[in-house]
Amino acid sequence: MPRLTFVEFDGQTREVDARLGETVMRSARNAGVEGIIAECGGSMTCLTCHCYVTLPESGSLPEPSANEQEMLDCVLEARENSRLSCQVVVTPELDGARFDIPQWQG
Amino acid sequence: MTVLPKLRDLEDATFSPFMEESLLFGAHDDPYPFLAELREKGPVLKADYRTVMGLGPDITFPADAPHYMLMSYEACSKALLTPSVFSNQSYMYNLGACFGRSVSTMDAPEHGRFRRIFQKVFLPQYVKEWGGSVVDPVVNELLETFIHEGKADLVNQFTLLYPFGVIYKQLDLPPEEGKIFHKLAVTQTLVSVMRDKGVEASDKLGEFFPRLIAQRRANPGDDLVSLLVQTEVDGEYLPEDVLVSFFRQLINAAGDTTYRGTSVLLANLLKHPDQMEALRQDRSLLPNAIEEALRFDGPVLEQSRWTTTDIDFFGTHIPAGSLIHVMAGSANRDPAKFDNPDVFDIRRPNANRHLSFSGGPHICIGQHLARVEMTRAINAILDRLPNLKADPDMPPAQLKGAMMRVPHHLHVTFDPS
């Protein structure tokens, strides 16, 4: 199982062994990561599962879809490595990835 | 067509839908102790919320459909996140009857297709710009009408007016037209209790908006109508009937709820002067204070859904074709989710987990705008009305309602300027 690290805005860190094929959002919600709110349940309408992704050197991640990119243009405090975690699927290449959570979702 | 079309008033121009509101929403002082009692009986109850609150039933619902109320946070949240079973078809009966083909009455995949188009203009980046260009001027203009007086009724002189001022400005409607628009928009929602009036108002808006759409297609400006009629996704424009229903719904969805939410926050700050002072000193508390007001007494207590299949849900068998009352007002006070849920605390760490904007694919499309409006309004009030407090010579604020909540007055005093 790929191991993902979630870092809340206050610095609290949680390591999660995520199921392959699950979304990162669901893995975080199941593990009780508070900062990933995901109030629309993954239908890409709320922007409340936004996070900043840092991959390990060996890791890789598909580019966001056009729809996700359009939404990412609108999040508060967007950065280069912003992603909607409901759109990121857990793969072996994600092992060791770190997800930093912004102060405000939306 | 370049001339702005005229809205036609109701045949009975003296009819005031605002007087009939208690028929629809109730006039209860505090429904929460009763909701707590019901919640203790179980997460799912076979009952109709309107009936248990002593209100007349919604006459648009099928008379033979069983009703279930979801009381716990977990049950409410789970239902909202399971749209394949808990469908928005429930809104076909009431909202569908007055608004027409609306995104609120649709399910996947149709819903997502249209939602994505509307959503584009309501995302935070767009909405932030409206804060300065649309919301601030409306807020300041209103404050200036009473700022020199040292006292005011913040509901009738401010919160009841500003979100509607924002909408008229967004739609670029002349203010006189805005008043009739407001009246018709509120009257159409009475379809659940006074069918004829509701249908008449809905028809009048239905003849106005296609003309407005045509006028803005011919002469686009930078208003919301022009923006939406020109918005396309994957080469597709929004169909006219879907656009018309969206505009019909705006007053209620964007104006009425923001008026209520802002009033609830102000009422609770006036009731807790220590928290108001803390907020005045440290405005970084404002985002969470807004969430806490929406949790503590969110303006919309109940959302409805319709079961598409039989389901065993938290120990209760719910048959297909049931009307589900998702009791956000109960979920938001569930002690299993919120510690000391009946305490108003602007520093509550998980205040933003309330269900007042709903959840799942139908989560409030205007939530970011609502937050911007409330932020601008409260900041302006704290900046421009120093020493703001409840007027000791007037009755204290009293929230009213079982379906929708609001105080009808907020009498305050402040240092005039």
A careful count of residues in region B:137-193 that are part of a helix (DSSP H, G or I) and either charged (D, E, K, R) or over 19 Å from B:ARG248 (Cα atoms) (or both) gives 17
Report, ordered by the first and then the second residue, all pairs with beta carbons closer than 6 Å, sequence separation of six or more or different chains, a first member in region B:116-130 that is farther than 14 Å from A:ASN67 by Cβ and free of Cβ contacts under 8 Å to residues at least 60 places away in the same chain, and a second member that is crowded, with 17+ Cβ neighbours inside 10 Å and of a type outside the set (Val, Ile, Thr).
B:GLN125/A:CYS74
So, in region B:248-274, how many residues would count as being farther than 22 Å from B:ARG405 by Cβ and surrounded by fewer than 23 Cβ atoms within 10 Å (Cβ to Cβ)?
1
Residues that are closer than 23 Å to B:ARG353 by Cα and either in a helix (DSSP H, G or I) or not aliphatic (A, V, I, L, M) (or both): does region B:204-220 have at least one?
no
Within region A:54-73, does at least one residue satisfy the condition of being outside any helix (DSSP H, G or I), touching a strand residue (DSSP E or B) at 6+ places or on another chain (Cβ under 9 Å) and either surrounded by 19 or more Cβ atoms within 10 Å (Cβ to Cβ) or within 11 Å of chain B (Cβ to nearest Cβ) (or both)?
no
Per the filter on region B:123-154, residues within 14 Å of chain A (Cβ to nearest Cβ) and within 13 Å of B:THR375 (Cα to Cα) are B:VAL127, B:LYS128, B:TRP130, B:GLY131
Restricting region A:42-53 to residues that are in contact with a helix residue (DSSP H, G or I) (Cβ under 8 Å, 6 or more places away or on another chain) and among the polar types (S, T, N, Q), the residue that is nearest to the other protein chains (Cβ to nearest Cβ):
A:SER43
I need every pair where a residue in region B:398-417 that is assigned to a strand (DSSP E or B) has its Cβ under 6 Å from the Cβ of a residue that is surrounded by 19 or more Cβ atoms within 10 Å (Cβ to Cβ) and among the basic types (Lys, Arg), sequence separation at least 6 or different chains.
B:LEU399/B:ARG405; B:VAL406/B:ARG260
Mind checking which residues of region A:79-103 are crowded, with 17+ Cβ neighbours inside 10 Å, within 14 Å of chain B (Cβ to nearest Cβ) and in a loop (DSSP other than H, G, I, E, B)?
A:ILE101, A:PRO102
For region B:19-69, the count of residues that are among the charged types (D, E, K, R) and at pLDDT below 90 equals 3
Does B:VAL199 satisfy the condition of being part of a helix (DSSP H, G or I), closer than 30 Å to B:PRO62 by Cβ and over 19 Å from the mean Cα position of the chain (by Cα)?
yes
Tell me, please, whether a residue that is over 25 Å from B:LYS337 (Cβ atoms), touching a Phe, Trp or Tyr at 6+ places or on another chain (Cβ under 9 Å), aromatic (Phe, Trp, Tyr) and in contact (Cβ under 8 Å) with a residue 40 or more places away in the chain can be found in region B:255-272.
yes
Could you check how many residues of region B:1-47 are among the aliphatic types (A, V, I, L, M), in a helix (DSSP H, G or I) and surrounded by 12 or more Cβ atoms within 10 Å (Cβ to Cβ)?
5
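The values are calculated or read from the model by the stated rules, or taken from the named source; none is laboratory data. What you see is a predicted model; the values in this text were computed from it and never measured. Backbone-built Cβ (ideal geometry, glycine too); neighbour counts: all protein chains shown.
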